[in-house]
Amino acid sequence: MLARVAADLYWMGRYIERTEHTARLLKYQLTGLVDAPADELALGWQVIYRALGQSPPMAPADVDEAEAFMMADAYTLAGSLVEDHTNPDSMVTCWGMARENATQLRPQLPLEVWTTLNRGFLWIRDCDFPAAWKKRPVTLVAEAVDRLRLLAGVVEATMSRDDVWRFLQLGRFVERFQHQTNLLRTWDRLGAPDGADPSLSWSDLLRVCVAFELYCRRHGMTAERDTVLEFLIRDPEVPRSLRFALERIEHMLVGIDPLGSSHPLVPPRRVALRLAATVEAATGSVTDRERREADDSHVTDHLFEHLAGDGSRLHDLLITEYVDYPVSEGLPS
């Protein structure tokens, strides 16, 4: 496979996953516009922007002013993440970048995958955001989530399990791991710190991660910080847990470069294994005894900082190993 083809597939997967991640966060926030308190809405926007790596909006501290500000500006805040072509992380921009990469990959992609991706981009490009907002703010992002899940299903149903599929999936799950790590860190640090008021509920985080029903079956209806964090970090059956993403990354790396799994390990494989070991060893929480002896938020924040750093390093090593390697060296035969 040509390095540029691998890069296009990898980035196509990343942009698709990034678009869905933004849509899910917005779906959660816009659903609460009707009945959530103003200070909670303001905090929600702060968490969303921080989780996406963008500068958060500044809201008035006074509750009455915050209510007027947030309801009036929710349209602007959502629009910046949906239809703003100047925002490199908006949904329309990321969807367009995924389509641009797919345009270069037409010979490698099944027709159904290209058609579904293209139709989704044309839909969001031509959507009437003001009209959708007047009808119901959450409608547009909910449909975007449905279209992106349809695309994921078409990919699973039509693509052969070769390197084309592996690089596409590798991009998806590297993006998912990085975004989920940042979301968990932001929610714990800013959205739901112990004793803070206002704060976002841990059950809402589970709903954002599409894991609330499974959590209830495993742990009951009460969502507590320690249990939720451990659930979203270590459970291998939760599609948006960190462990789930890492297992998929390891599987794709073994398929892409089988020799990279033998000694000496190639750098991306080595970092992926280190991340998996960190996640497996982490409890995602501390016991009551340990809380009396250490600053719990510091311990957890250090874990997420470590995972985020290694996640960024994994991306850099993947590009170096499989895309930007010297032509004179090439890949192992």
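Observations, loosely collected:
- To put it simply, the accessible area of the stretch 127-261 at a 1.4 Å probe is 50 percent carbon and sulfur.
- DSSP-loop chymotrypsin sites (Phe, Trp or Tyr not before Pro) across the stretch 119-189, with at most 13 other Cβ within 10 angstrom: none
- Per-residue accessible area (protein heavy atoms, 1.4 Å probe) orders T116, T300 as T116, T300, starting from the largest.
- Cα centroid separation - the stretch 1-60 against the stretch 128-206, whole Å: 7 Å
- Unit charges on C-beta of K, R, D, E only; dipole of the chain, Debye: 1140 debye
- Percentage relative contact order, the chain, counting C-alpha pairs under 8 Å, at least six apart: 22 percent
- Distances between placed amide hydrogens fall under 5 Å for L200 paired with A192, all partners being 5 or more residues away or on another chain.
- 20 °C / 1.002 mPa s Stokes-Einstein diffusion coefficient of the stretch 229-275, Kirkwood radius on C-alpha pairs, µm²/s: 192 µm²/s
- By accessible area with a 1.4 Å probe, ligands and nucleic acids excluded, highest first: order of R99, R125: R125, R99
- Compactness of the stretch 122-189 as Cα Rg over 2.2 N^0.38 Å, two decimals: 1.47
- The Cβ shell under 9 Å around E175 holds other residues with a net charge of +3, Lys and Arg each +1, Asp and Glu each -1.
- Residues S203, S241, S262, S55, sorted by accessible area with the largest first, give S55, S262, S203, S241 [1.4 Å probe; ligands and nucleic acids excluded].
- The calculated P(r) of the stretch 141-288, using every Cα pair and 10 Å bins from 0, goes 10, 34, 33, 18, 4, 0 in percent.
- Charge context of N118, other residues only, Cβ under 13 angstrom, K/R +1, D/E -1: +2
- In nm, spacing of pseudo-spin labels at D35 and V299 (7 Å Cα→C-beta vector): 3.7 nm
- In this structure the chain gives 47 Å² per residue of accessible area when probed at 1.4 Å with all protein chains present.
- The overall shape of the chain is oblate: from the C-alpha gyration tensor, with semi-axes ordered a ≥ b ≥ c, the ratio a/c is 1.5 or greater and a/b is no larger than b/c.
- Net charge of Cβ neighbours under 11 Å - reference V208; Lys, Arg +1; Asp, Glu -1: +3
The values are calculated or read from the model by the stated rules, or taken from the named source; none is laboratory data. Just so we're clear, the structure is a prediction, and the values are computed from it rather than from any experiment. Cβ: placed from backbone, ideal geometry, glycine included. Neighbour counts: every protein chain shown. Side chains are part of the model used for accessible areas, which takes the heavy atoms of the whole protein and leaves out ligands, DNA and RNA. Shrake-Rupley method; radii C 1.70, N 1.55, O 1.52, S 1.80 Å.
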